[in-house]
Amino acid sequence: MATSASSSLSKAVKQQYMELPQGDKVQAMYIWIDGTGEGLRCKTRTLDAEPKSIEDLPEWNFDGSSTYQSEGSNSDMYLIPSAMFRDPFRKDPNKLVLCEVLKYNRKPAETNLRITCKKVMEMVEDQQPWFGMEQEYTILGTDGHPFGWPSNGFPGPQGPYYCGVGICGTNAEVMPAQWEFQVGPCEGINMGDHLWVARFILHRVCEDFGVVASFDPKPIPGNWNGAGCHTNFSTKEMREDGGLKAIEESIEKLGKRHHYHIRAYDPKGGLDNARRLTGHHETSNIHEFSAGVANRGASIRIPRNVGQEKKGYFEDRRPSANCDPYAVTEALIRTCLLSEEGDEPVDY
């Protein structure tokens, strides 16, 4: 197996350092999205006391010339704490802090999609938009080959791997070495915050085991499933009796704005998803919009129980595994709740 050397090191040695007393000091790991729109960066700041809210966390800065976000001659960028979580690695009272990135002039960095997403979410908070995102990923060895695959060949065809013999759930996926975890339901901006931090935690756990997590939408070409980030969406109206009508109205709006959503659903404006959304391997065709009950080959799937109960949620199966959840959830709100039309978002 192609694992890194760190996977075989004794974790007991590390544990003796982790157990050293830290007094009243707290370590806050600041996390942000780099200039690729996909990569995560982090650095740690020591605080004098445990922060109880975002307001207790100081702004910070970093060298944007090393993260594809600025030039060396004017490289300082601002980290604005936006969401705080318990740290599962250093443990309580230490924190993980997800940050927005601002440029030297305090305007949002190009990959800071959270700022407009939050604004749009606040416009519709009375409708209580809920999201649940299904993050698929592929475990690779350090050689870039799917973990557990024969080094000079391929495993048996897909079929026996899906849900093979546990955030709110996990399961093995259709392609061997591919897995999924689900985050949600989260309301509004919390969806993007929680999914980005979940990805960060996944990367850190993979380091301990000497493997790599890939969010590539089509890591292996050919007759193998790609990796998506299916997004489940509902509003208060959809979840109440007779909500199927509101679901169908939203799907009708989505059908008229397919290309706008395709551009928003991967970091490369649809180019990544073009490798995945072929109309095969449980996907819809990237060039066509479709919807159906219990249809995993459609752009939008209405779960069978939702069709029977006439209320609930729908699943948008188009977002890629490497999508920015802020972009995806914002696009759904703009089209379904703000009734925007056309290929460009409205500037509010």
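The values are calculated or read from the model by the stated rules, or taken from the named source; none is laboratory data. None of these values were measured; they are calculated from a predicted model. All Cβ positions, glycine included, derive from the backbone under ideal geometry; neighbour counts span all protein chains shown. Side chains included, ligands, DNA and RNA excluded: accessible areas come from the protein's heavy atoms. Shrake-Rupley method; radii C 1.70, N 1.55, O 1.52, S 1.80 Å.
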Projected label distance in nm at ARG275 and TYR17, using a 7 Å step from Cα toward the beta-carbon: 3.6
For the chain, alpha-carbon Rg and Dmax in angstrom: 21.0, 61
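At a 1.4 Å probe radius, carbon and sulfur cover how many percent of the accessible area of the range 120-337?
Ligands and nucleic acids excluded, carbon and sulfur give 53 percent.
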Using a Förster distance of 30 Å, the FRET efficiency for ARG106-GLU252 (Cβ separation, nearest 0.05): 0.15
Hydrodynamic radius by Kirkwood, which averages 1/r over all alpha carbon pairs of the range 31-71, in angstrom: 12.0
The chain - share of DSSP beta bridges that are antiparallel (%, nearest 5): 90
Structure-based [θ]222 nm, the chain - -39500 (n - 2.57) summed over DSSP H runs of at least 4, per residue, nearest 500: -6500 deg cm²/dmol
Lysines whose Cα lies under 21 Å from that of LYS256, excluding same-chain neighbours fewer than 8 positions away: LYS245
Convex hull of Cα atoms in the range 195-263, direction-averaged projection (nm²): 7.7
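Scan the range 12-112 for trypsin sites (Lys or Arg not before Pro) in coil per DSSP, keeping those whose Cβ has at most 15 other Cβ atoms within 10 Å, and list them by number.
Here the sparse-neighbourhood loop sites are LYS25, LYS52, LYS91, ARG106.
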In sequence order, calculated HN-Hα J values of the range 140-148 (Karplus, 6.51, -1.76, 1.60; Hz; x Gly/Pro): 10, x, 5, 8, x, 8, x, 5, x
Net length gained if the chain between GLU125 and SER8 were fully extended (0.36 nm per residue, minus Cα distance): 37.3 nm
The range 73-113, accessible surface, carbon-and-sulfur percent (1.4 angstrom probe): 50
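Which value, in Å³ per residue, describes the convex hull spanned by the Cα atoms of the range 25-109?
Each residue corresponds to 91 Å³ of Cα convex hull volume.
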FRET efficiency, 1/(1 + (r/R0)^6) with R0 30 Å, evaluated for ASP56 and CYS168 via beta carbons: 0.60
TRP60, TRP130, ranked by accessible area, largest first (probe 1.4 Å): TRP130, TRP60
The range 25-109, relative contact order in percent, only Cα pairs under 8 angstrom and at least six apart counted: 30
Part-to-part distance (alpha-carbon centres) for the range 192-261 and the range 287-302, which is given in Å: 14
Solvent-accessible area per residue for the chain (1.4 angstrom probe, square angstrom): 48
Calculated FRET value between GLU240 and TYR348, using beta carbons and R₀ = 35 Å, to 0.05: 0.80
